[in-house]
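**Student:** Have a look at the structure that comes next, please.
The values are calculated or read from the model by the stated rules, or taken from the named source; none is laboratory data. Model, not experiment: these values are computed from the prediction. Reconstructed Cβ throughout: ideal geometry from the backbone, glycine too, with neighbour counts over all protein chains shown. The area values use the complete protein model at the heavy-atom level, side chains included, leaving out ligands, DNA and RNA. Shrake-Rupley method; radii C 1.70, N 1.55, O 1.52, S 1.80 Å.
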Amino acid sequence: MEEQALKKNFSFQGLFLTALAILLTSGLIALTIHQVQMSDPYMHQVLSLAGNPHQGQAIYQMNCSGCHGLDASGKVGPSLWKVSDRRSQMGLIQQVISGNTPPMPKFQASPEEMADLLSYLNTL
Ligand code: HEC
């Protein structure tokens, strides 16, 4: 009986160590991705600008409201309310410029336009 209990403890420890190793590895991968993205001069430039949310709203209304709605509550595309709670700043920039999720097109915004747009998205 006692021996069995000991064995059980041991495997729990193994499980714990494996989980810890997985956690550390994925943390390291996330950090590497973050570093690589930050080394992208476009990302760096956008994030170094303050951005004007009023300008950003105008850009939004022209380019995005057809799919996401004038008040950003969603239409063809999802609602963007509180989107900056769900997505990182770099994730949002990536979403706008990448064209990775059709039918949302790829936007070629200048760093200034992107910073304005981002500052508007952060107000939603
Ligand atoms: C042709 C329609 C269309 C246009 C125009 C469009 N989007 Fe989208 N957008 C979508 C769709 C559809 C999705 C969902 C994609 C998916 O995840 O599969 C999406 C997703 C997003 C997301 C991610 C939302 C989340 O919850 O993660 C953001 C942010 C976003 N769009 C911002 C914008 C911005 C900013 C613009 C304008 C520069 C824009 N979109 C223009 C259709 C569009």
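**Student:** Quick one: is Val76 β-branched (Val, Ile, Thr), near the ligand (Cβ under 9 Å from one of its atoms) and exposed (fewer than 14 other Cβ atoms within 10 Å of the Cβ)?
**Tutor:** Spelling it out, Val76 is indeed β-branched (Val, Ile, Thr), near the ligand (Cβ under 9 Å from one of its atoms) and exposed (fewer than 14 other Cβ atoms within 10 Å of the Cβ).
**Student:** Right, something else. Does Thr123 fit the bill of being within 17 Å of Gln57 (Cα to Cα) and hydroxyl-bearing (Ser, Thr, Tyr)?
**Tutor:** So Thr123 passes the test.
**Student:** Right, Ala30: away from the ligand (no atom under 14 Å from the Cβ), surrounded by fewer than 10 Cβ atoms within 10 Å (Cβ to Cβ) and aliphatic (A, V, I, L, M) or not?
**Tutor:** no
**Student:** Can you name the condition, by its number, that Asp85 falls short on among (1) surrounded by fewer than 16 Cβ atoms within 10 Å (Cβ to Cβ); (2) near the ligand (Cβ under 9 Å from one of its atoms); (3) under 16 Å from the mean Cα position of the chain (by Cα)?
**Tutor:** Every condition holds for Asp85 apart from (2).
**Student:** For the range 39-67, what are the residues that are out of contact with any Leu (no Cβ under 6 Å at 6 or more places or on another chain), in contact (Cβ under 8 Å) with a residue 40 or more places away in the chain, of a type outside the set (A, V, I, L, M, F, W, C) and open to solvent by less than 30 Å² (accessible area, probe 1.4 Å)?
**Tutor:** Hit for the range 39-67 is Tyr60, nothing else.
**Student:** Can you tell me which residue is farthest from the ligand (Cβ to nearest atom) among those in the range 108-124 that are closer than 23 Å to Gln35 by Cα and surrounded by fewer than 18 Cβ atoms within 10 Å (Cβ to Cβ)?
**Tutor:** Here the residue is Glu112.
**Student:** Something else about it: Does Gly99 satisfy being more than 22 Å from Asn122 (Cα to Cα), open to solvent by less than 60 Å² (accessible area, probe 1.4 Å) and modelled with pLDDT under 95?
**Tutor:** no
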